[in-house]
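These notes concern the structure reproduced below.
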Amino acid sequence: MTLRKARFLPMKDDLCFLSIADAGRLLKTRQISPMELTQALLDRIKKIDPRVHAYITVTADVALRRSEEH
């Protein structure tokens, strides 16, 4: 997903599929917040991980707290 000019805001579910460059650009221009991106990723983990078992431990509280710091 390329958002070179980021003229639209992606839907919450789309945030999980942004490239690092696109996520960084949206964060830098304050089109999304660190908390919003973190919560979208945590929601995706919660939805998918029971099937794929990719994570041993998910520290959602730590991730959300850290996202508030920025």
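Protein heavy-atom surface of the stretch 25-70, 1.4 angstrom probe: 55% of the accessible area is carbon and sulfur, with nucleic acids and ligands not counted.
Residue separation of GLN31 and VAL58 scaled by 0.36 nm, minus their Cα-Cα distance, works out to 7.1 nm of gained length.
Listed values for the stretch 57-64 are Karplus-derived 3J(HN,Hα) couplings in whole Hz (6.51 cos²θ - 1.76 cosθ + 1.60, θ = phi - 60°), namely 9, 10, 9, 4, 4, 5, 4, 5, and x replaces Gly and Pro.
The values are calculated or read from the model by the stated rules, or taken from the named source; none is laboratory data. The model shown is predicted, which means the values in this text are computed figures rather than measured ones. To get the accessible areas, we keep the full protein, side chains included, count just its heavy atoms, and leave off ligands, DNA and RNA. Shrake-Rupley method; radii C 1.70, N 1.55, O 1.52, S 1.80 Å.
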